[in-house]
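This report refers to the structure that appears directly beneath it.
The values are calculated or read from the model by the stated rules, or taken from the named source; none is laboratory data. The structure displayed is predicted, hence computed values, not measured ones. Positions of Cβ are backbone-derived with ideal geometry, glycine not excepted, and every protein chain shown enters the neighbour counts.
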Amino acid sequence: MAPPVKLVVAFVFAAVVVVFPVGSSAELPRLEHPPTKADGSLTVLAVGDWGRRGQFNQSMVAEQMGIIGKKMDIDFVVNVGDNFYKNGLTGVDDKAFEESFTNIYTAESLQKPWYTILGNHDYRGDALAQLSPVLRNLDSRWICMKSFVVNAEVADFFFIDTTPFVLKYWNEPKNDTYDWRGVAPREAYIANVLKDLNAALKQSKATWKIVIGHHAIRSVSNHGDTQELVQQLLPILKANGVDMYINGHDHCLEHISSRDR
């Protein structure tokens, strides 16, 4: 008899998991990452809200990530955004990339792909810089897109760009400036993201369907629920039998389950 399918997700720092019981658009980009373990299992680390040039305990968290990463023999890192505080990167030559990422996550076990999305703080800088292949050339671990799918055989990971959903970033930015290049107009962008996600979820044959976003759908912490995601994203996750939603934004660890299915 074949061994049971196993998925292990270890959460560090500001990651939240929600578990769900049983114009024109383009298909979401797809990346292939087959499990490398003989038993077909998959182990990942999830992290978010970290880019501090080593300060605010970032270096200590990175050290523990290295220890856990080695112990669990991780396959890759799920990075849920807010990668560079306080206002993202100024461009592809911003030294914050090396000072907050390359020079911090130096453990051998963390030299795996970092599948990355943007958070609201990343949009306050040059958001397109984080998507640039220039950064990938500087550090090959860095794989950052706005929305995409990672096919890992036992699990499919659907990374979704949630910052444009939040209306207050558009209407009440206060003293912040957001880089909406490639996003505006908001309504069309969101409609396409939701359409593409729904199509990708329906096509998925993986045992586990996991959606990744920066913002919480549900949260009992500082930011609370993100109503735009409750209204627009959550119904799609439920309709397609998504098993988990992983996010950052609230700087805490929460495990929220749903009883309405």
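The single condition among (1) in a loop (DSSP other than H, G, I, E, B); (2) farther than 23 Å from residue 42 by Cβ that residue 74 does not satisfy is (2). Can you find a residue in the stretch 17-26 that is modelled with pLDDT under 95, within 26 Å of residue 129 (Cα to Cα) and in contact with an Asp or Glu (Cβ under 9 Å, 6 or more places away or on another chain)? Yes, because at least one residue in the stretch 17-26 is modelled with pLDDT under 95, within 26 Å of residue 129 (Cα to Cα) and in contact with an Asp or Glu (Cβ under 9 Å, 6 or more places away or on another chain). Test residue 218 against the stated conditions and say whether it is surrounded by 15 or more Cβ atoms within 10 Å (Cβ to Cβ) and among the basic types (Lys, Arg). When the stated conditions are applied, residue 218 passes them.
Taken together, 38, 62 contain a single residue that is at pLDDT 95 or above and farther than 19 Å from residue 149 by Cβ, which is 62. When residue 136 is tested against (1) surrounded by fewer than 16 Cβ atoms within 10 Å (Cβ to Cβ); (2) out of contact with any strand residue (DSSP E or B) (no Cβ under 6 Å at 6 or more places or on another chain), just one condition goes unmet, and that condition is (2).
Test residue 197 against the stated conditions and say whether it is under 30 Å from residue 36 (Cβ atoms), at pLDDT 95 or above and within 18 Å of the chain's Cα centre (by Cα). Criteria met by residue 197. Looking across the stretch 86-109 at every residue that is at negative phi and surrounded by 21 or more Cβ atoms within 10 Å (Cβ to Cβ), the one that is nearest to the chain's Cα centre (by Cα) is identified as 101. Within the stretch 148-181, the set of residues being touching a helix residue (DSSP H, G or I) at 6+ places or on another chain (Cβ under 7 Å) and in a loop (DSSP other than H, G, I, E, B) comprises 160, 161, 162, 166, 167, 176, 177, 178, 179, 181. Among residues of the stretch 130-143 that are part of a loop (DSSP other than H, G, I, E, B), those with a Cβ under 8 angstrom from a residue that is of a type in the set (Asp, Glu), sequence gap 6+ or separate chain, pair up as 139/98.
Here are some residues: 193, 220, 166. Which one is closer than 26 Å to residue 47 by Cβ and touching a His at 6+ places or on another chain (Cβ under 7 Å)? None of the other options fit; the residue is 166. Taking strands (runs of 3 or more DSSP E) as the structural unit, those lying wholly within the stretch 200-261 and holding at least 1 residues that are at pLDDT 95 or above and in contact with an Asp or Glu (Cβ under 8 Å, 6 or more places away or on another chain) correspond to 208-212. Among residues that are on the phi > 0 side of the Ramachandran plot and small (Gly, Ala, Ser), residue 182 is included. Within the stretch 91-114, does at least one residue satisfy the condition of being over 21 Å from residue 233 (Cα atoms), assigned to a strand (DSSP E or B), touching a Cys at 6+ places or on another chain (Cβ under 9 Å) and not basic (Lys, Arg)? Among the residues of the stretch 91-114, at least one is over 21 Å from residue 233 (Cα atoms), assigned to a strand (DSSP E or B), touching a Cys at 6+ places or on another chain (Cβ under 9 Å) and not basic (Lys, Arg), which makes the answer yes.
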